[in-house]
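Visitor: Below is the structure I would like to discuss, written out as structure tokens.
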Amino acid sequence: MKKYFLVIISTFILISCEREIDINLNKSNPRLVIEGNLSNLAGECSVKITKTVNFSEIIPNPTVSGAFVTIISLNTNKTDTLKETAPGMYTNDSLFGIPGQTYTMVVKTNNETYIASSTIPQMVDLESIQLLDSNSSGGSHGGPMGGGSGSNTIVRMIPKYTDPANIVNFFQFVVTRNDTLQKDIFIQSDFGFNGLVSNRPLRVKANKKDIVKVDMQCIDEAVYNYFFGLNENINQSSATPSNPVSNISNNALGYFKAHTSSVKTIIIK
Amino acid sequence: MVLGGSNYYILDNFKNIIDTINQTSPVKNYINIEPRLSMNYIFDNNNSLKISYSRNTQNLHLINNSVTTSPTDKWVMNTNIIKPEIGDQVSLGYFRNFKDNTFEFSVETYYKWMQNQIDYKDAADERNRVIETQLLYGKGRAYGVELLLKKNKGKLTGWIGYTLSRTEKQIDGVNKDQWYPARQDRTHDISIVAMYDISKRLNVSAIWVYQTGNAVTFPSGKYEIAGQTTWLYTDRNGYRMPDYHRLDLGLTYKFKEKKHFNSELSFSLYNVYGRENAYLISFEQSSSDPSKTVAMQTSLFRWVPSISWNFKF
């Protein structure tokens, strides 16, 4: 019987190399980007309008001035107008929403109308913030803009709240550190702990003696899904990259978020 | 047949899990026949024509993602929700031999209709435990023409092959319900293989391949939202990875044959001209100008030399 033997000596030059390349990306028509916020607290109502730019252009992208922006309460039919207080930034300091009610944002610009509706869920209070630990080996929450400045430790903290058992709840935690709004997107749904006290921590970049403010916002499902998709888009982590699904009509990007607000502040030890 | 014993799910129209099935009896049966028909018409010794039809079903499914940052694929079996993929293909081919069978030439064209095609929904999470919640289903089509010229005799042998093809999917909920290229859609595919006997013992070979890059999704623009740079996407798989090509060379020496032992030594070099074929492409902030964004390409091995010694006894 014949036998076959094979000897292979192979020298793999296992160098992976990374370099900048030119990709001919299509020019895209500018699309409107709307970031609308309405809180149950006065002074938080704002709508920011910008336009997308081509890949090779610079950020920040241009603002859109001269739009007509209103917010209508579907329960009372009352219409409030927002004023442009900075280029592309429309606000109304006396306007606030009521939990359980639905609001519609209407933006008119360039002969186009963009409409979005959002419901403020029932109020859930942020009871306290429990500091767990801090370690410097936290993963980067990078995305296109990188992981922020300086050497930061990751602090784990649990926002303590009691989830209402009767409904499905969605939450967003907006974190401010020493008066600087943090870019990280923290969202939670009550899937798996409906009706219980939350014990899921946030991983916040902070150092000792920092003052960290956590604004717990109850949001509706569409807004939750938007921020879930936005997070995937920024981290390039989805299997199929796409624009986060917006609750705004007429092919606009962005969101209209009507939410509750419950704030607690801690000093990192 | 989808056997029981593990978890199967019932989903609503929004892909939320509304029920879980866990039974030991079979969950679902799929029965498909695979008819095949093939006809050959032989004009003479050198010319022939071939027509065929076949239906194939596939019960193991490859799900490609559309990103360039981690080219991972997933294989899944049929479930109560994922149905067998069915393909119907027709093809027509013409075959001709020249110069006393020294050369062979063929041209074949095909068209394939596919049912129960699978792709991820927009913004899918491929790490999701219940993959069915991330999938959408539709149809597919593939068509193309293949040309092949082969030399079988003489000191120089080898072939030149060229394929022009298109593979597309149409799935409601993806790419505004329009047809779009499948990830593995390759417009051009060329391969040239040549072997030359320098002497009785020494033989050299060369292979050159060229392929259009995979269809992938790249951003077409960007904007800032919630203080972060966000990508603007337009079409699913609307872009291409850079073209793939490389040349490999080989040299084989046959040692003198002995009664119970003969052996040969081969040297080869993969990717002779060190083409940096793209493995990953990601988009990041430029280090020199943070307001700009750049595309970064990662390629794996460039040159791979190897030596092998084959022996028989």
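The values are calculated or read from the model by the stated rules, or taken from the named source; none is laboratory data. Worth saying up front: this structure is predicted, and the values here are computed from it rather than measured. Note that we place each Cβ from the backbone using ideal geometry, even for glycine, and neighbour counts take in every protein chain shown. Just the protein is used for accessible areas: all its heavy atoms, side chains included, with ligands, DNA and RNA removed. Shrake-Rupley method; radii C 1.70, N 1.55, O 1.52, S 1.80 Å.
Visitor: Let me know the shape class of segment B:32-312, please: from the alpha-carbon gyration tensor, a ≥ b ≥ c as square roots of the eigenvalues, rounded when a/c is under 1.5, otherwise prolate if a/b is greater than b/c, or oblate.
Guide: Oblate is the answer for segment B:32-312, as a/c is 1.5 or above yet b/c matches or exceeds a/b.
Visitor: Further, regarding this structure: Test of understanding: in a Gaussian network model of chain A with alpha carbons linked when under 10 Å, which of A:100, A:192, A:229 would top the mean-square fluctuation ranking?
Guide: A:192
Visitor: Let me ask another. Report the charge-dipole magnitude of chain A in Debye, nearest 20, computed about the Cα centre from +1 at each Lys and Arg Cβ and -1 at each Asp and Glu Cβ.
Guide: Dipole size: approximately 740 debye.
Visitor: Can you bin segment A:186-269 into rounded, prolate or oblate? Criterion: square roots of the alpha carbon gyration tensor eigenvalues sorted a ≥ b ≥ c, rounded for a/c under 1.5, prolate for a/b above b/c, oblate for the rest.
Guide: prolate
Visitor: If I take R0 = 41 Å and measure r between the Cβ atoms of residue B:279 and residue B:145 in this structure, what FRET efficiency does the formula 1/(1 + (r/R0)^6) give, to the nearest 0.05?
Guide: The calculated FRET efficiency here is 0.85.
Visitor: Over segment B:32-312, with every protein chain in place, what whole percent of the accessible area is carbon and sulfur at 1.4 Å, could you tell me?
Guide: 56 percent
Visitor: Which listed residue (A:120, A:76, A:242) has the Cα farthest towards the positive end of the charge dipole for chain A, taking +1 on Lys and Arg C-beta and -1 on Asp and Glu C-beta about the Cα centre?
Guide: A:242
Visitor: Expressed as a whole number of Å, what is the distance separating the alpha-carbon centroids of segment A:219-269 and segment A:106-124?
Guide: 15 Å
Visitor: Also, quick follow-up: How much length is gained on full extension from residue B:76 to residue B:10, taking 0.36 nm per residue of separation minus their Cα-Cα distance?
Guide: 22.1 nm
Visitor: Could you go through segment A:258-265 in sequence order and give the Karplus-derived ³J(HN,Hα) for each residue, using 6.51 cos²θ - 1.76 cosθ + 1.60 with θ = phi - 60°, rounded to whole Hz, and x for Gly and Pro?
Guide: Those phi angles translate into 9, 8, 8, 9, 9, 10, 9, 10 Hz.
Visitor: HN-Hα J couplings of segment B:165-173 from phi, Karplus 6.51/-1.76/1.60, θ = phi - 60°, integer Hz, Gly and Pro as x?
Guide: 8, 8, 10, 10, 10, 10, 9, 4, x
Visitor: How shielded is B:275-281 by partner chains, expressed as the average number of their Cβ atoms within 10 Å of its Cβ atoms?
Guide: 2
Visitor: Could you tell me which of B:164, B:105, B:182 has its Cα farthest along the dipole of segment B:56-195 towards the positive end, charges placed at Cβ (Lys, Arg +1; Asp, Glu -1), taken about the Cα centre?
Guide: After comparing all options, I get B:105.
Visitor: Segment B:62-103: which residues show an accessible-area loss of 40 Å² or more, assembly versus chain alone, 1.4 Å probe?
Guide: B:67
Visitor: Further question: Tell me, what is the FRET efficiency for residue A:21 and residue B:17 to the nearest 0.05, using R0 = 30 angstrom and their Cβ-Cβ distance as r?
Guide: 0.15
Visitor: Among B:29-35, A:263-269, A:86-92, what's the highest-first ranking by average C-beta atoms within 10 angstrom per residue?
Guide: Ranking the peptides B:29-35, A:263-269, A:86-92 by packing returns A:86-92, A:263-269, B:29-35.
Visitor: What is the angle, in °, between the Cα long axis of helix A:221-235 and the longest principal axis of the Cα atoms in chain A? Nearest 10 is fine, range 0 to 90.
Guide: The helix A:221-235 is inclined about 40 degrees to chain A.
Visitor: If I model a spin label at residue B:52 and residue B:262 as a point 7 Å from the Cα along the Cα→Cβ vector, what separation in nanometres do I get?
Guide: Once both label points are built, they end up 3.4 nm from each other.
Visitor: Dipole of chain B, Cα-centred, from +1 at each Lys and Arg C-beta and -1 at each Asp and Glu C-beta, to the nearest 20 debye?
Guide: 1380 debye
Visitor: Helix-only estimate, please: 222 nm mean residue ellipticity of chain A, summing -39500 (n - 2.57) across DSSP H runs of length 4 or more and dividing by its residues, to the nearest 500.
Guide: Calculated from helices alone, the mean residue ellipticity at 222 nm is -2000 deg cm²/dmol.
Visitor: Would you mind getting the accessible area per residue of the protein assembly as shown, heavy atoms of the protein chains only, 1.4 Å probe, in Å²?
Guide: Averaged over the residues of the protein assembly as shown, the accessible area is 53 Å².
Visitor: If you don't mind, another one. Please report the buried accessible area for the interface of B with A, total over both chains, probe 1.4 Å, in Å² to the nearest 100.
Guide: 5900 Å²
Visitor: According to the square roots a ≥ b ≥ c of the eigenvalues of the Cα gyration tensor, what is the shape class of the protein assembly as shown, taking rounded for a/c under 1.5, prolate for a/b larger than b/c otherwise, and oblate for the remainder?
Guide: prolate
Visitor: How large is the charge dipole for the protein assembly as shown, taken about the Cα centre, if only the Cβ atoms of Lys, Arg (+1) and Asp, Glu (-1) carry charge, to the nearest 20 debye?
Guide: 2480 debye
Visitor: Additional query: Going by Cα centres, segment B:247-283 and segment B:51-68 are how many Å apart?
Guide: 32 Å
Visitor: Beyond 20 Å between alpha-carbons counts as too far, so tell me which of A:213/A:269; B:28/B:169; A:183/A:213; B:139/B:176; A:48/A:205; B:153/B:256 fall in that bin.
Guide: B:28/B:169; A:48/A:205; B:153/B:256
Visitor: Compute the FRET efficiency between residue B:204 and residue B:243 as 1/(1 + (r/R0)^6), taking r as their Cβ-Cβ distance and R0 = 30 Å, and round to the nearest 0.05.
Guide: It comes out at approximately 0.70.
Visitor: Pick from B:171, B:118, B:17: which is most flexible by mean-square fluctuation in a GNM of chain B where alpha carbon atoms under 10 Å apart are linked?
Guide: Of B:171, B:118, B:17, the most mobile in the Gaussian network model is B:17.
Visitor: Counting only residues 5 or more places away or on other chains, whose amide H sits under 5 Å from the amide H of residue A:161 once H atoms are built in the peptide plane?
Guide: A:127, A:198
Visitor: Select from B:271, B:215, B:226 the residue farthest towards the positive end of the dipole of segment B:212-272; place +1 on Cβ of Lys and Arg, -1 on Cβ of Asp and Glu, and compute about the Cα centre.
Guide: Value: B:271.
Visitor: Per residue of segment B:115-130, what does 6.51 cos²θ - 1.76 cosθ + 1.60 with θ = phi - 60° give for ³J(HN,Hα)? Whole Hz please, x for Gly and Pro, Karplus curve as stated.
Guide: 10, 6, 6, 10, 8, 5, 6, 4, 6, 6, 10, 6, 8, 4, 5, 9
Visitor: Once both labels are modelled 7 Å past Cα along the beta-carbon direction, what's the residue A:98-residue A:132 spacing in nm?
Guide: 3.9 nm
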